[in-house]
Ligand SMILES: Cc1cc2nc3c(=O)[nH]c(=O)nc-3n(C[C@H](O)[C@H](O)[C@H](O)COP(=O)(O)O)c2cc1C
C-alpha cells in the first residue's frame, strides 16, 4: 500500500489522480479509476448543473462505492469567462464529488469557498511556484504541479522535477506531480521526490473506458516521447494556450486543405457540429472526419502507452510497479 498525505486526505487507496481530459474524462473512466483505488475525475466544463450531478453520481455508482477510490470534478476555465458560469459549475459539482479540481484560470478563493461550502476538497493544477503559492493562499487543500512534459494544455515553463522541488518548498499542502508520468518507475521517482501523488493523463487516453477515437489511440501506441511537441498550433477559439500534442497532428492540420476537419456530436442530442481546423477538442470515438488532423494530445509519457487496457489495470500496473521501485530505495 502506498499511503501518502494525498491518499489520507482524499480517502483513496492509491496515490493516482486521473486527469481531467474533456469528454475523455467521462463517468465510465472516472468510475473505473476510482474502483481501482485512485481519484477519478469527470470533466464538467460547460455542463448544466443537472448534468454535472448526474455524471458525478454515475461515476460514483460505477466505482462501486466503498472501493477505496474517490470521484472528483475537473473545472477547466479561462480568466476572461463569465465568473458566475464558472462558479455555477463548481457549485453544482461540490456536493457530488470528493474533490473539485481547477485548471488554467487564476487561483481564486471565492471558488475554493464554494467547493468547501459544498462539502468537497479543492485542488488547483498550476505551472509555476507563484501560482502554487496563490492556490495555497486561496485555501486549496492540495495543489498539482504540472511540468512541461504534460499532455494537453500546459501552463508552466519548466520540467516537472525542477517545478516540484520549488513548489514543495513554497507550500504546506500536499503536492501532486503531473506531466510525463507513464510508468511505475516515473511514478516512483515523483513520489521519491516528495510528491504526495501523481496525476496521469496520456496513459488513460488509451484506457478502454475513455472511448478515445481508435485512430488517436493507435497513434499514441506508435509514438515515442520525442513525438510529443510543445506548440500553440491548436488555438482556434483558445489563443495563447500552449499544449502538447503528437507532432504528426500538427503537420496533418497544417497540410489539410479546407477549414472544417470533421464533426463532433452534440451531447444534448442536437445535430453534430463542425470541427474547425486547429480547434482544441477531445477526440472521442464519436468524432468523425480527418482524425489525424485533430489535436492528438500527448505528453512525453506517451512512451508508456503500449496497448489499450482497462483503466483499472493501468492504475494497478503503475501503483504496483511504483511500490516495487520504492522498496528498492
Ligand atoms: C487528452 C488530454 C486532455 C486534457 N484535458 C485537460 C482538461 O480538460 N483539464 C485539465 O485540467 N487538464 C487537462 N489535461 C492535462 C492534464 O491535467 C495533465 O496535466 C496531463 O495529462 C499530465 O501529463 P501526462 O499527459 O503526461 O500524464 C489534458 C491532458 C490530456 C492528455
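The values are calculated or read from the model by the stated rules, or taken from the named source; none is laboratory data. These figures come from a predicted structure and were not determined experimentally. Note that each Cβ is placed from the backbone with ideal geometry, even for glycine, and that neighbours are counted across all protein chains shown.
Some notes on this structure:
- Residues satisfying the stated conditions in the range 8-34, i.e. away from the ligand (no atom under 11 Å from the Cβ), in contact (Cβ under 8 Å) with a residue 40 or more places away in the chain and either surrounded by fewer than 21 Cβ atoms within 10 Å (Cβ to Cβ) or not assigned by TED's automatic domain parsing to the domain that holds residue 68 (or both): 9, 11, 13, 28
- Any chance residue 59 is part of a helix (DSSP H, G or I), within 13 Å of the ligand (Cβ to nearest atom), without any contact (Cβ under 8 Å) to a residue 60 or more places away in the chain and buried (at least 24 other Cβ atoms within 10 Å of the Cβ): no
- Residue within the range 313-329 that is more than 15 Å from the ligand (Cβ to nearest atom), modelled with pLDDT of 95 or more and part of a loop (DSSP other than H, G, I, E, B) present: no
- Where residue 303 falls short, out of the listed (1) part of a loop (DSSP other than H, G, I, E, B); (2) within 22 Å of residue 158 (Cβ to Cβ): (1)
- When the range 100-118 is filtered for residues that are in contact with a strand residue (DSSP E or B) (Cβ under 6 Å, 6 or more places away or on another chain) and either surrounded by fewer than 17 Cβ atoms within 10 Å (Cβ to Cβ) or under 25 Å from residue 241 (Cα atoms) (or both), the ones remaining, listed by number, are 100, 101, 102, 103, 104, 105, 107, 112.
- Breaking point among (1) surrounded by 22 or more Cβ atoms within 10 Å (Cβ to Cβ); (2) part of a strand (DSSP E or B); (3) touching a residue at least 24 places away in the same chain (Cβ under 8 Å), for residue 263: (1)
- Residue 127 vs. criteria in contact with a helix residue (DSSP H, G or I) (Cβ under 8 Å, 6 or more places away or on another chain) and near the ligand (Cβ under 10 Å from one of its atoms): yes
- Qualifying residue in the range 184-206 (condition: closer than 13 Å to residue 127 by Cα, under 19 Å from the mean Cα position of the chain (by Cα) and either modelled with pLDDT under 95 or surrounded by fewer than 24 Cβ atoms within 10 Å (Cβ to Cβ) (or both)): no
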